[in-house]
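J.: Dropping the structure in here first, questions after.
A short reminder: the numbers here are calculations on the coordinates, not readings from a lab. Every value quoted in this text rests on a predicted model; they were computed, and no experiment measured them. Counting neighbours? That spans all protein chains shown, and the Cβs are built from the backbone with ideal geometry, glycine included.
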Amino acid sequence: MLVAHDPMASATPPASPIRARKGSDRKERLLQAASRVLLRHGVQALTLEAVAREARTSKGGLLHHFPSKARLRASLLDDLIARLQRDLLRLSAADPDPRGRRLRAYVQTLVAPDPACDRPVILAALLADPEALRRWQGFSDAWLDPDLNGIEPGRADAVRALVEGSWLAIALGLGPADPAGLAAALQDLLRLAQV
C-alpha cells in the first residue's frame, strides 16, 4: 500500500549527521563541565546553574540536553560506565587466557595507575543517588558474573571485595599514592584474579 507523503506533516527536518555530531559534542562538553563541578565543589554543588556556568552556556542550552538534574546525573554515570565498558572490552579481548579474563580486565580498569575512569566523579555520582548505586552494581554484576561463576564462591567474593575496596580507597585518596605501590597492588590483585 502506498501512502502519500505530506510535506507539511513534519515541521522539523531530520537532523543532519553534522547537526547530530554537534549535539553530541555539546552533550559531551556539558558532561565534562558536570564532572568538573563535582570534582571541585562536591555533590551538593552539582546544580543545573553551576553546570551551565561551568560549560559557559545558558541554562536553557543545558536543559535542551538534560531536562533535569536527575537526568544530568544519570547521563554522567551512563557516560562513565560506557567509557569503562570500552576499556573492559579492550583489555578482555587482549587477554589470551579466556578463564577469568573479565575479572582481570575489571582489576586493571578499576585499579590501574592511570585508568580512563574518573574515580572521584563516579564515587560522587554513586553517593548522590541510590538509583545510581543500583545501576553501578548491575553493571559490575553483569560484567563479572560470567567469570566469578567459575570460581569457588568465597574466593570470588574476596577478589571482588579486594578490587572494589581498592578502587574505593584510591578514589578517596587512601590507597597507594606512589605509582610503584599502586603497580605492586595491581600485580597482587591480578595474581588473585587467576581463575
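J.: Rg (Å, one decimal) plus Dmax (Å, integer) for the alpha carbons of segment 117-157?
T.: 12.6, 34
J.: Between Leu168 and Ser75, what is the label-to-label distance in nm when each label sits 7 Å out along the Cα-to-Cβ direction?
T.: For the pair Leu168/Ser75, the computed spacing is 3.0 nm.
J.: Next question. Starting from the Cα-Cα distance between Ala184 and Asp97, subtract it from 0.36 nm times their residue separation and give me the gain in nm to one decimal.
T.: 29.2 nm
J.: Turning to a different aspect of this structure: Where q = 0.09 Å⁻¹, what log10 of I(q)/I(0) comes from the Debye formula for segment 70-195, counting one point per Cα?
T.: Cα-only, vacuum Debye calculation for segment 70-195: -0.24.
J.: Sticking with this structure for a sec: Could you give the nm distance between label points at Arg53 and Asn149, where each point is 7 Å from its Cα heading toward the beta carbon?
T.: Taking the two extended label points, one gets 5.0 nm.
J.: Quick check: from the Cα gyration tensor, does segment 119-185 come out rounded (a/c under 1.5), prolate or oblate?
T.: oblate
J.: Fully extended, how many nm does the chain gain between Ser68 and His41 (0.36 nm per residue separation, minus their Cα-Cα distance)?
T.: Going from the current span to full extension adds 7.8 nm.
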